[in-house]
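A.B. asks: Sharing a structure below in structure tokens format, with a few things to ask.
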Amino acid sequence: MSASLIFDIAPLGSLVAYNDGTPKPPARFAKKLASWELRNGVGRLVRKEPAHERPTYTTTPCFTLQEGNFGQNGIILVTIMRTYGIDSYLTFRVIERPRLGQVRIVQTVGENVELLYLAEDPIAAELWLAKARYRNTRLEPVCPDEVGADVVEGRAAA
């Protein structure tokens with residue numbers, strides 16, 4: 001599916017795979033493999049940003065995928081996030097949607113909402129929030145409409 005469908009249909013917290021359609025090179029070609037991995041991967045949808053019009057420039061709508069956290073002993077040192085515009089040439093696919101009963105912990109960042117954590121239930125969300133101590137957060141339970149939202153305005157998800 002296209003990037004614009006991901007922007008329109010996929011709810012925050014969805015696991016999204018992306019690829020450029022090329023086969024994976026053998027491991028012995030380290031540089032080619034590293035380049036391929038930049039255009040092929042999986043991430044969790046954590047942010048959607050609408051288009052912005054400023055006096056000097058205009059941005060297209062985009063979304064951000066969180067690919068992973070790196071650290072040790074429970075301390076996150078680096079978070080890998082990639083942002084894609086709706087005009088991206090890559091092919092995207094929703095692997096997993098948030099399940100009914102899960103709870104999103106979201107934070108308002110400027111005019112947008114960013115997913116901080118996807119908890120299994122409200123109790124786990126409250127425990128995570130008490131431990132993490134973020135400000136300007138709110139809990140959003142996953143609703144039934146998002147779980148089965150494969151068609152929006154006649155546009156079907158593949």
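A.B. asks: Once you have the Cα-Cα distance between L90 and A124, take 0.36 nm times their residue separation minus that, and quote the gain in nm to one decimal.
C.D. replies: Values: separation 34, 0.36 × 34 = 12.24 nm, distance 3.48 nm.
Net length gain for the segment: 8.8 nm.
A.B. asks: Given the DSSP H assignment, sum -39500 (n - 2.57) over each helix run of at least 4 residues in the chain and divide by its residue total; what's the result at 222 nm in deg cm²/dmol, nearest 500? Mind showing how you got there, number by number?
C.D. replies: Working: 4 runs with 32 residues, N = 158.
Calculated from helices alone, the mean residue ellipticity at 222 nm is -5500 deg cm²/dmol.
A.B. asks: Under the definition of Cα pairs under 8 Å and six or more residues apart, what whole-number percent is the relative contact order of segment 45-145?
C.D. replies: Reported as a whole number, the value is 23 percent.
A.B. asks: Near T91, within a Cβ-to-Cβ distance under 12 Å, what is the net charge of the other residues, with Lys and Arg +1 and Asp and Glu -1?
C.D. replies: After counting each charged neighbour, the total is +1.
A.B. asks: Go through segment 70-76 residue by residue and turn each phi into a ³J(HN,Hα) via Karplus (6.51, -1.76, 1.60, θ = phi - 60°); whole Hz please, and just put x for glycine and proline.
C.D. replies: 10, x, 8, 6, x, 10, 8
A.B. asks: Additional query: For the chain, state what percent of all Cα-Cα pairs lands in each successive 10 Å bin, counting from 0 Å until the bin that includes the largest distance.
C.D. replies: Result returned by the calculation: 10, 33, 35, 18, 4.
A.B. asks: Toward the positive end of the charge dipole of the chain, about the Cα centre and with charges on Cβ (Lys, Arg +1; Asp, Glu -1), which of Y89, L100, I76 goes farthest?
C.D. replies: The listed residue farthest towards the positive side: I76.
A.B. asks: Another question, if that's okay. Quote the relative contact order of segment 1-97 in percent (integer), defining contacts as alpha-carbon pairs under 8 Å separated by 6+ residues.
C.D. replies: 39 percent
Just so you know, all these numbers are worked out from the coordinates, no wet-lab data involved. Keep in mind the model is a prediction, meaning the values are calculated, not measured. When we count neighbours, we look across all protein chains shown, and the Cβ atoms used for this are built from the backbone with ideal geometry, even at glycine.
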